[in-house]
Every structure is written in C-alpha cells, then in structure tokens.
1. What is the spread of the Cα atoms of the stretch 9-487 along each of their three principal axes, largest first, in whole Å?
2. 222 nm [θ] for the chain, helices only, -39500 (n - 2.57) per DSSP H run of 4+, per residue, to 500?
3. Picking from VAL445, GLY12, ALA328, whose Cα lies most toward the positive end of the charge dipole for the chain (charges on Cβ: Lys, Arg +1; Asp, Glu -1)?
4. Can you put MET89, MET99 in order of Cβ neighbours within 10 angstrom, beginning with the fewest?
5. ASP399's amide H: which non-local residues (gap 5+, or another chain) put their own amide H closer than 5 Å, with H modeled 1.01 Å from N in plane and none for Pro or chain starts?
6. How charged is the neighbourhood of ASP314? Take every other residue with its Cβ under 11 Å from the Cβ of ASP314, and add Lys/Arg as +1 and Asp/Glu as -1.
7. Once the Cβ-Cβ distance between LYS293 and GLU259 is put in as r, and R0 is 22 Å, what FRET efficiency do you end up with, to the nearest 0.05?
8. Work out, step by step, the length gained on full extension between GLU360 and HIS179: first 0.36 nm times the residue separation, then minus their alpha carbon distance; give nm to one decimal.
Amino acid sequence: MSQIPSDFLWGGATAANQLEGAYNEGGKGLSTADMVKFVPREVSQGTNTETVTYAEALEIIAGQHDNEYYPKRWGVDFYHHFKEDIALMAEMGMTCFRMSISWPRIFPHGDDLEPNEEGLQFYDQVFDECLKYGIEPLVTLSHYEMPLHLSLEYNGWENRKCIDFFLTYAKTVFERYKHKVKYWIPFNEINMSLHLPYTGGGIFIEKSNNKLQTTFQALHHQFVASALTTKLAREINSQFQIGSMLGLSLYYPKTNAPEDILAAQTANRINYFFLDVLSKGEYPTYANAYFQKNQVQIHMEENDLKILKDNTIDFNSFSYYYSLCTCAHPENEESLVAFVPEGEVIDEFHPRKVRNNNLEVTDWGFQIDPIGLRIAINEIWDRYHKPIIISENGLGTYDTLTTDKKIHDNYRIQYLREHIAQMKICVEEGIPVIGYTSWGCIDIVSAGTSERTKRYGYIYVDSDDYGNGTFNRYKKDSFYWYKKVIASHGEDLD
Ligand code: BG6
C-alpha cells in the first residue's frame, strides 16, 4: 500500500507567459514578458536573458526591433490548444494543473477600471475543461509578468500603487472563479524580485541608484499585497487555500570548516526570509540587521506589520531544481556561474555559488541533487509546520523526436523518479506534502533563456526556438511513466 494519500495532488505546472501565446488576441494587453527577445545559445551560453531595460522597451514598442523574435508572445499556443492539452493531462491521470492567469489578459494596462470580459471567459473555459476531468486547478496570479504599462508608468512593484491594482485584479478573479478554483498562489517565486527585478517585479533597475533599497522596497509591497490578497480570499470563500511560492535552492557548505558552515547558513537565510514574512508574518531579526548594515530603509505604512502578521498563508510551496554550495572564500573556488544574473549583488546574503563536485551539473548549470529535495522539504516543514506543495521540479534539456514520432527521455524519467522517491520518504515520515506539480508538464518556453528546445514536458511540442514547426503534441516515454506513477499513487516508480 502506498503511503501517498489518494487525494494527493499529482500534476504539472506552467505559466501563462511561457505557455499561452496569443499575446495580442482576446483583448490582452502587453505584458513585461512579451518584451523578452530570443538570444541564441551561442551568444547567451545558457545564461539568463530575460531582463529588458526601459529604453529597450520603448524601442520595442516603437517598432525598432521588429526583426527580433519574442518567444513568450507565442508560447506553445495553449490559447488555441487548451482542450487538446488538458485532455492529454487527463489521460496521464493528473489530478492537478498548476497554471497562471495572465494579469494583462484580465486588466490590459493594470490600472484599467473594468476587466476584460474576453480574458475572463478564456479562463472560464480552461477551468471548466479541467473540472470536466476532475483536475484541480492551482492558480498563480502573477508568474513572472505584469501589465507592461505598470512597469513603464510606475516602475512596477517599486510603486506602492501596484498593491491596489493587484488587489483589484485578485478580487475580480476570486469572485469570478470562486466555485472553480480552490488553490491560489499570489506570486510565483517571490524571491525573484531580488535577483531579477524586471522578471519578478516589473522593475527597470537601471532607474534606481540603490538596487538593494529598490528591490527590498518592492518586495515589501509584494508582501503586503500577498497578505491583503490572502485576507480578501478568505472573505470571498473561506474554503480557498492560499500559498507562498519560493524558488528554493538550499546552500551547502563547501567544507565542514565552521566559517564555511556559517557562510552557508547566512546564505540560506535569504531563502527563509521570504517564508518568514509570508508564513510567520514577520520580518526576521537577521533581515533587520542586514537592512541596517546596508542602509536599506523600508518605508512602511502604519498597519503594514499587522497586515503581514494577521494574514499568513495556508500552505508553503516551492520550486526545486538543484542545490547550491558556498563557502567563506568563494573567490578561491570554481564558480557555478552559468545562471548567475548579470549585475547580481554579491554579499553575505547573495554569495558566489561554487561548484559541488559531488553532483552532476546540466548544461544550464543546474546541479542535480534529489536528496536536496528531501533536505528542503524537511527544513521547510520543521520551520513553518504548514502543508507543502512541490510546485515545480524537473529536468530541462534537449529531446529528440524520432522519425516515428517518439521521444525516448529516460534521463528525465531518472531525474523525476529519484526526486519523487525522496519526496515519498518525507510523506512516509509524516510530513504533509499534499501535492507535486512537476514543471512544464507540456513543453513550454524557458523562463530564463526563452529557448523552446530546453524542454521539461511529458508532452513534446513540435517547435524550434524560433517558432518553426507544426506545434503538434506527442507523448514522450515519460508520459507513460508518469501515468503509471500517478495510477499507483507513487508506488511504481520503475
Ligand atoms: C522557475 C520558474 O524558476 O524555473 C519557471 O518559476 C521556469 O517559470 C522554471 O520556467 C525553469 O527555468 P527555465 O529557465 O529552465 O525555464
């Protein structure tokens, strides 16, 4: 008998800007993600290419970059394929589909007075299709995008007014879908505003003369927005479950020297910081000490701390792809630089990432570490004692479509098998992990590099990085494997 309960949420995860396409259909406004152009791998070397400057955004709007290709505008055309795609998910036996609503599909500019009915109708159809198959939607309100207008006019989340715009949006979709959706996540990987301000917070960071000040201020606005969204959710439907979502990569110390252990502990605090605020409802002492040391002064309104304290989330969710490693003197060690964003602040909270030679590393710099998932679940449970959803996990890599339209992705099966096995141990030890939604259940555009050929899915989409292809869907070997895993409640991982 499996230890994984029969109501466990087995699913897959996506984001509107990487999945939907149809960027200019159905009354949708431009999103910050629509501005991200494709940079070929020969140039990017697999590093992150998702940041856009204010000047570039204006040029793009003025048509000065019309010769460029913007993959997130096209996604994998879920907008026109959603019935077929959800049917395939149902065939796999998925009981949960994590997706996001595109904020500019509902409020094209973000500060509009009325929502876009056509956008609302689209998600009605998507949710109805999920519910027809008994698939529970898990919905992110802002996954790496916001209406571009809010970035251009307000510099995104740096401006407190975004709290009200976000609440208007949240209220609209909560009321509209209150009988269709139970699980909600206000912000995807809320820590990303710190590392990639444009992606996480719609912020043109070149407008700021103090990156830390700007990003922590923007984060404060997102924290308050998240807490007020949670409050609103409970008022609209007391059955709603609201979750945090953290991009989690725990740091190991490079050696057992006490100074290395301290360096790793300090680095891990920048993971816990976000959940301390969202899940415990308070700014931790170490964060206040860090702010003081770095002259960061967060402007708060009178009730902000009480709002955070009174409206903590119901469950914690996180993405987990790899673990990290650091030490007291990282400058003397081999770096793991492939995915360090340009301009990343380097200090005790954001240390250089050094290579962990015990682990294999993918071409995109992801150090594969299934045991790290177990460590992460244990840590998050021990600290917060709230149910956990693994909202992203998976292997992004190239696949080959054979002439007979098969995809033999044993490497992906191996990655997922080893990670699910570690998650199972946690469940067997009594930790309430209530769901697992692996990333990109269908191939989608990469967030970091905008490649369409960096694939995570069980379902292959026939398209190259430039959108050439039939966009036909094909089942990978992992499709049949995951179907078996779900049917056996995680017992049969072979
Ligand atoms: C997570 C994001 O950080 O990682 C996703 O929430 C993203 O949006 C995923 O796609 C994998 O990253 P990438 O760059 O391989 O797409």
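1. 57, 53, 49
2. My calculation for the chain gives -11500 deg cm²/dmol from helical runs alone.
3. Of the candidates, GLY12 comes out farthest on the positive side.
4. Fewest to most other Cβ atoms nearby, the residues stand as MET89, MET99.
5. Placed amide hydrogens put ARG455 under 5 Å from ASP399.
6. Net charge in that neighbourhood comes out at +3.
7. On the way: r = 18 Å, r/R0 = 0.84.
After rounding to 0.05, the efficiency reads 0.75.
8. 60.7 nm
Bear in mind these aren't lab numbers, they're just calculated from the coordinates by the rules spelled out. Because the structure is predicted, anything quoted here is derived from the model rather than measured. Every residue, glycine among them, receives a Cβ derived from its backbone with ideal geometry; neighbour counts consider all protein chains shown.
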